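Here's the structure, in structure tokens; my notes come after.
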Amino acid sequence: MSTLSRCNNVNDLRKLAKRRLPRAMFHYIDGGADDEVTLRRNTVAFEDYELQPSFLNPVDQINTRINLFRKELHIPFFIAPTGMSRLFHHTKENAVARAAAKFGTVYTLSTMGTASLEEIAEETDGLKMFQIYILKDRELTKEFVSRCKAANYDALCLTVDVPLAGNRERDKVTGMTMPPRFTLKSLFSFAMHPRWSFNLLVHPDFRLANVVHRVDALSNSPMSLIEYVNSQFDRTVSWEDVAWLIQEWNGPFVIKGLLTADDAIKAKDVGASAIMISNHGGRQLDGTPAPIDCISSMREAVGNDLELIVDGGIRRGTHIIKALALGADAVSIGKAYLYGLAAGGQKGVELALQMLRNELERDMALLGVSSIKQLSSKYIRKR
């Protein structure tokens, strides 16, 4: 698998990304926490559900549009927040935002992005969401809200499952650093990937663009950007803090990282408008349930008062259909588009989105539905 034209599915993009990236960069995308049980389970869990087609229904016109965050999306899946896209391709977050706009869906920029939220706003007039943390530095959190309002972002996404970073052992084995450095450990892998290494030298900007200006506000001792951000994760964040942030934003507000019905009810009570059912792609606490297994109980708990988004493990159009049939309003993709970005920049991201859209449209027709609105529990059963 050497070119995008020979890729037929997301797994092919993964194989090409592995060829294009130095070892540390690929495994940063591909890996999870501890024994990676949750990482594997996120995708494998979809196999526990069977689709039940209904035939002799008109499927000559397939409608994949949905409403989410008070906006219309052309497809029922969007770009999840992932940090430091510059690691994988020199066109970084900008390329992904352009691809998302082209497909009429939401791009979510991470706090840990290597492009600033203003840069992305100037890059595209497509739908945009900013992923935020409630940090120890509350003034920085408030600053993010003000900047997002000024840049006309459509929604805010609060990640709540990172009181501290998970134990990602692949990164320790590969010697992963940010920014990447030529060391004895990395030299061979960099040499075997000359295109990526050339772009590292020509485009060396690996700033965490949304927080770089805060380094000057540090105390007397110097600190790297990564150390600064990690030091800002606040283990005392509570539901009261979430309610405060919702009031500060006063717009579509998503809480990312919830997995239980009890937490879904709390999210509803504090005024959230949506939940991303997520275990952080299996990168935080290993042994948590796959998001697909959490949909039914969370939908039962909140009814139709909150939008539910499945985040984790999406690799096929049938995965999207299964999540929506179980009660999700949409799904988000992370690794799937990152493989595309690593494999071919914006064209690779567009190919990932196109593959999933093509699969979704074909699989809807094969299932016997012509509109996303028709998907329901009648079309799915657990094995």
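Key figures
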quantity	calculated
Pick from the range 1-28, criterion assigned to a loop (DSSP other than H, G, I, E, B) and hydrophobic (A, V, I, L, M, F, W, C), ranking: nearest to F198 (Cα to Cα)	L21
Index of the failed condition, T111 passing every other in (1) out of contact with any Ser or Thr (no Cβ under 9 Å at 6 or more places or on another chain); (2) not in a strand (DSSP E or B)	(1)
Residues satisfying the stated conditions in the range 127-163, i.e. under 16 Å from V106 (Cβ atoms) and out of contact with any Lys or Arg (no Cβ under 9 Å at 6 or more places or on another chain)	K128, M129, I132, L156
Verdict on N304 being without any contact (Cβ under 8 Å) to a residue 12 or more places away in the chain and either touching an Asp or Glu at 6+ places or on another chain (Cβ under 8 Å) or surrounded by fewer than 20 Cβ atoms within 10 Å (Cβ to Cβ) (or both)	yes
Candidate set: the range 273-301, residues that are small (G, A, S) and more than 22 Å from G104 (Cα to Cα); chosen: the one surrounded by the fewest Cβ atoms within 10 Å (Cβ to Cβ)	G287
Subset of the range 310-327 (residues that are in a strand (DSSP E or B) and either touching a residue at least 60 places away in the same chain (Cβ under 8 Å) or surrounded by fewer than 24 Cβ atoms within 10 Å (Cβ to Cβ) (or both))	D311
So V310, is it farther than 23 Å from E359 by Cα and modelled with pLDDT of 95 or more	no
In the range 162-197, the residues that are closer than 27 Å to L117 by Cα and either aromatic (F, W, Y) or modelled with pLDDT of 95 or more (or both)	W196
Of residues in the range 146-182 being part of a helix (DSSP H, G or I), hydrophobic (A, V, I, L, M, F, W, C) and out of contact with any strand residue (DSSP E or B) (no Cβ under 7 Å at 6 or more places or on another chain), the one surrounded by the fewest Cβ atoms within 10 Å (Cβ to Cβ)	A150
The range 29-38, residues that are assigned to a helix (DSSP H, G or I) and crowded, with 23+ Cβ neighbours inside 10 Å	T38
Long-range neighbours under 9 Å by Cβ, at least six apart or interchain, first residue part of a helix (DSSP H, G or I) within the range 47-72, second loosely packed, with under 15 Cβ neighbours inside 10 Å	E47/R383; D48/K382; D48/R383
Some residue of the range 79-86 being among the hydrophobic types (A, V, I, L, M, F, W, C), at positive phi and part of a loop (DSSP other than H, G, I, E, B)	yes
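The values are calculated or read from the model by the stated rules, or taken from the named source; none is laboratory data. Computed from a prediction, not measured in an experiment: that's the story for all the values here. Every residue, glycine as well, gets a Cβ built from its backbone with ideal geometry; the counts of neighbours run over all protein chains shown.
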